[in-house]
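Quick notes on the structure that follows.
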């Protein structure tokens, strides 16, 4: 804030310095008033200094004047110093000493300048006296006032004027002659003197005021400048502080960078790798160290290619170009210069160094991997040796397998034949034991063979499209009898959104599933086995998860870790109790992994286990063509009666998918209650799905109860059973059931058809004569086989006998040949409906014989079925390649032979071909 | 004044010693000036002039004319004021008298002792100069103080004696100058004398 103008008025004069304002350098906190006070004080001090000199000069001048004008006073011839001289010295001195002293010791004080005013006017009076009252000396008064105006303080002028006035008044009254030069002064003369003084005072006061205003204005200007300067200074200081902070920060940063650089330099220079930076042309710009024998100065600037094996230069040059172009890291291994001139191998990483996003150079880190390379080479050699050994082992196992399977074929086959003959109970039991032992031994051999092939990396998998559901259903069907024997149920469930089409080896999938199902049944005493197929949510790739859950004994936590190891079961007692080689899971795991999937399990001891595996490569497919539509079931209400929750859940999900209203009951009693309640409510169930095996009241009992109740008689009944016996269907149909479906494979289409037909039965206009068609349970083929003439080519006598017996059972006329050459001769003589050809025979093996037969049989192609103990895919392919049509694995089974004949040797089959 | 007094009082309150000094200083100044005034206003000792001029002096040169005799000490600082006033008086009454200036010269001193600006100025006034060796002539006339004027009328009788300056060395109107002027104009006056301000001619007693 700028202070208002001071209220005091002072007389100003420009006698010393017009508008003189001392060059003050006010602090930022000073106000305009402060500045003005300081300027004023400076003016006062200047005035004091002026009068310090002026008073002295006047004193001297007075003395000189006295000495000149009246040096001496005379008395006759005598003279003495004139009184005026004394007056000039002492009175004049009196006028100036005190003011001068004050000017010297107390400059700028009020009393000083007022003393100066008194002394100065005293000099005027003295001068007038010394000049004998010359009227001209009165001008000294005016001059004195003008000089006093240098103070720019009107009060000083007032003091001086007062002294002058006092002098004039006093002397005018009592000594007019001394002041006016006349004996008697006229009052007007007094007035005239006073008027001149007052006039000058007015002029001087006005001048002082103007001068002080100017001072004030200058102070204001100074203040503004000071403010601006202070502001600027503050900004400068702030900026200076900022710059200092920035500099300090920069210094810290530079220190940190230097430290960091030192660290990295230490790391780089102590690194065992060779670290280089190179330019686009491959010139080395930096290197942390060089090989002994090389000079760093020589290496710097030279192309990196000088140190690389000649055959790798172009590849590295290409990699360098790629790094500079793409800005991506490249890794490679290259041989180059090494210690003592011995070439070394380097694992190199080439990365870009970017500046402003542009690759300006590249960093090359090369680690000496010569030792590793040598170790790898040794390992490779060792591996090849091991592989050779493994191959030999596998071949040995395959051979052994073949050699063991051939006699086992005879043992099991003839035991089967023996069991078809009349035997005493003991003999039947012995024969049965022989067969089961043989089958167990064969299973063990098969497991060992599989595992050895997997270990030898000889397992070859098929890679063809297949549908998963039939594979699972077949496996479940195969194992259902085993489950049924233990009173277990196998429940299948497949999410509707699960892709069913896959690419892979369905046989191996079935093998895994059979193994898991077999284990589940083996280790479950009661409850059920649940097979679930769903999309694998834990995998990043599209895959399907197949899980087999049981309610068995589970696996203790401490045994779980070693479960997938070969020849391992939960413990040794398990093997003794449940049998098995312990290879099943190991084989399954490896099969799953070979097919690109995973395998695992969760288990709680005493509560059951869930084993799962995943299958990759599902094929995107639309809704399966076989997916049944349930448009005809609108308005049909269904009740599910099953004691097993999983069974109920599977059926409920299926019905829910079809949009069929349904309810469920866990027992026959609850079912009856709900059926009757629904009838009473006027919303009867149209169809009841009844489980056969239920505690207290099984499905058949419930059906009969429903038939007895008139209110429930109209509800159609469908029986779902895990086991079926001959005559079950007829008995149940007679009991009022409209359909009979076997578990575990309750195919949706079949279920839909059964419900649809049953629903039609209960429709209001149901024709009584219409009987439902019943899905037939799987029964052995009952039709008598067609007579065929077949040629059996087999060198092993046991196999010959076995196969001949089986074929004769299948109504075949069998001709025997012991080797391929003999077979060719027989084919030339007779037209056979089918040839069963052993592959490995002396003289001429099956492959060669087949080729020859194919060459002969130009007019008619006779089916040739290979009989082989080799189950490797390569062998099968070799059979097909040789011109055979199919193959049967040894040991021979009657069913296998029958299916082959039905497929290849049925009347018309040849014609179709 | 009240305002100035308040400022002074304020400063003085701050320093009583300074106030005391200033008070003494002002008092001394006043006293000094009073002494100086008093010196200025102090005439020479009163003198009784001779009633007639000594006839051997041959004055007046033209019989029947009044004669004005002034005794001067040529080195007295006041003498120039007296000569100046004499010239101013004579200018107001021209040719009213003969003027004779007695210039003191110590015995034994050459005449050149009196030379200086004063004789020249006297000559300008038309007066005759007589060297008054050792002040004997002035003594015969009874003049003791430089600047003393004695006017003898046409009859040769003393009609005025005294100084013609108002104080020491003071130019301007004075009591003696006025009386002398009227006498030279032939006017009457009741005054015949005035104090004389100047140095002693006769030496210190």
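The values are calculated or read from the model by the stated rules, or taken from the named source; none is laboratory data. Being a predicted model, the structure only gives us computed values, none of them experimental. We place every Cβ from the backbone using ideal geometry, glycine too, and count neighbours over all the protein chains shown.
Miscellaneous remarks
- The residue that is nearest to residue B:186 (Cα to Cα), among those in the stretch B:103-155 that are free of Cβ contacts under 8 Å to residues at least 24 places away in the same chain and either touching a strand residue (DSSP E or B) at 6+ places or on another chain (Cβ under 7 Å) or not in a loop (DSSP other than H, G, I, E, B) (or both), is B:123.
- Residue in the stretch A:186-195 that is surrounded by fewer than 17 Cβ atoms within 10 Å (Cβ to Cβ) and either within 39 Å of the chain's Cα centre (by Cα) or within 14 Å of another protein chain (Cβ to nearest Cβ) (or both) present: yes
- With respect to being exposed (fewer than 12 other Cβ atoms within 10 Å of the Cβ) and modelled with pLDDT of 90 or more, residue A:256 fits the description.
- Considered as a group, the residues in the stretch A:73-85 that are at the interface with another protein chain (Cβ under 7 Å from one of its Cβ atoms) and closer than 15 Å to residue B:168 by Cα include one that is nearest to the chain's Cα centre (by Cα), and that residue is A:83.
Quick grid of which residues meet (1) within 54 Å of the chain's Cα centre (by Cα); (2) at pLDDT 65 or above; (3) surrounded by fewer than 16 Cβ atoms within 10 Å (Cβ to Cβ); (4) over 21 Å from residue A:802 (Cβ atoms):
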position: A:877; (1), (2), (3), (4): yes, yes, yes, yes
position: A:884; (1), (2), (3), (4): no, yes, no, no
position: A:889; (1), (2), (3), (4): yes, yes, no, no
position: A:892; (1), (2), (3), (4): no, yes, no, no
position: A:898; (1), (2), (3), (4): no, yes, no, no
position: A:904; (1), (2), (3), (4): no, yes, no, no
position: A:913; (1), (2), (3), (4): no, no, yes, yes
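Residues are listed down the side, and each one gets a yes or a no for (1) assigned by TED's automatic domain parsing to the domain that holds residue A:346; (2) surrounded by 12 or more Cβ atoms within 10 Å (Cβ to Cβ); (3) within 25 Å of residue A:343 (Cβ to Cβ):
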position: A:238; (1), (2), (3): no, no, no
position: A:248; (1), (2), (3): no, no, no
position: A:251; (1), (2), (3): no, no, no
position: A:260; (1), (2), (3): no, no, no
position: A:279; (1), (2), (3): yes, yes, no
position: A:295; (1), (2), (3): yes, no, yes
position: A:302; (1), (2), (3): yes, yes, yes
position: A:305; (1), (2), (3): yes, yes, yes
position: A:319; (1), (2), (3): yes, yes, yes
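- Note on the stretch A:744-799: among residues that are in contact with a strand residue (DSSP E or B) (Cβ under 9 Å, 6 or more places away or on another chain), at pLDDT 75 or above and farther than 30 Å from residue A:811 by Cβ, the one that is surrounded by the most Cβ atoms within 10 Å (Cβ to Cβ) is A:755.
- Just one of the numbered conditions (1) at pLDDT below 90; (2) over 30 Å from residue A:545 (Cβ atoms) is not true of residue A:671: (1).
- Residues being loosely packed, with under 12 Cβ neighbours inside 10 Å, under 14 Å from residue B:143 (Cβ atoms) and within 14 Å of chain A (Cβ to nearest Cβ) - total across the stretch B:36-55: 1
- Scoring residue A:838 on the criteria (1) more than 60 Å from the chain's Cα centre (by Cα); (2) at pLDDT 85 or above leaves a single failure, condition (1).
- Test: residue in the stretch B:156-170 that is modelled with pLDDT of 85 or more, under 16 Å from residue B:68 (Cα atoms), more than 10 Å from every other protein chain (Cβ to nearest Cβ) and out of contact with any strand residue (DSSP E or B) (no Cβ under 6 Å at 6 or more places or on another chain): yes
- Residue within the stretch B:103-113 that is closer than 14 Å to residue B:148 by Cα and in contact with a helix residue (DSSP H, G or I) (Cβ under 8 Å, 6 or more places away or on another chain) present: yes
- Any chance residue A:430 is at pLDDT below 80 and over 28 Å from residue A:520 (Cβ atoms): no
- Checking the stated criteria, residue A:180 turns out to be surrounded by 20 or more Cβ atoms within 10 Å (Cβ to Cβ) and either over 30 Å from residue A:49 (Cα atoms) or out of contact with any helix residue (DSSP H, G or I) (no Cβ under 7 Å at 6 or more places or on another chain) (or both).
- Where residue A:60 falls short, out of the listed (1) within 11 Å of chain B (Cβ to nearest Cβ); (2) free of Cβ contacts under 8 Å to residues at least 24 places away in the same chain; (3) assigned to a helix (DSSP H, G or I): (1)
- When residues in the stretch A:138-164 are screened for being more than 10 Å from every other protein chain (Cβ to nearest Cβ) and surrounded by fewer than 18 Cβ atoms within 10 Å (Cβ to Cβ), 4 of them pass.
- Checking each residue in the stretch B:173-205 for being farther than 19 Å from residue A:74 by Cα, within 12 Å of another protein chain (Cβ to nearest Cβ), assigned to a loop (DSSP other than H, G, I, E, B) and without any contact (Cβ under 8 Å) to a residue 24 or more places away in the chain picks out only B:173.
- At least 3 residues being closer than 18 Å to residue B:19 by Cβ is the threshold, and among the helices (runs of 4 or more DSSP H) wholly inside the stretch A:94-188 those reaching it are A:110-130, A:154-174.
- Candidate set: the stretch B:120-130, residues that are buried (at least 17 other Cβ atoms within 10 Å of the Cβ) and closer than 20 Å to residue A:76 by Cα; chosen: the one modelled with the lowest pLDDT: B:122
- Odd one out for residue A:349, checked against (1) touching a residue at least 40 places away in the same chain (Cβ under 8 Å); (2) not in a helix (DSSP H, G or I): (1)
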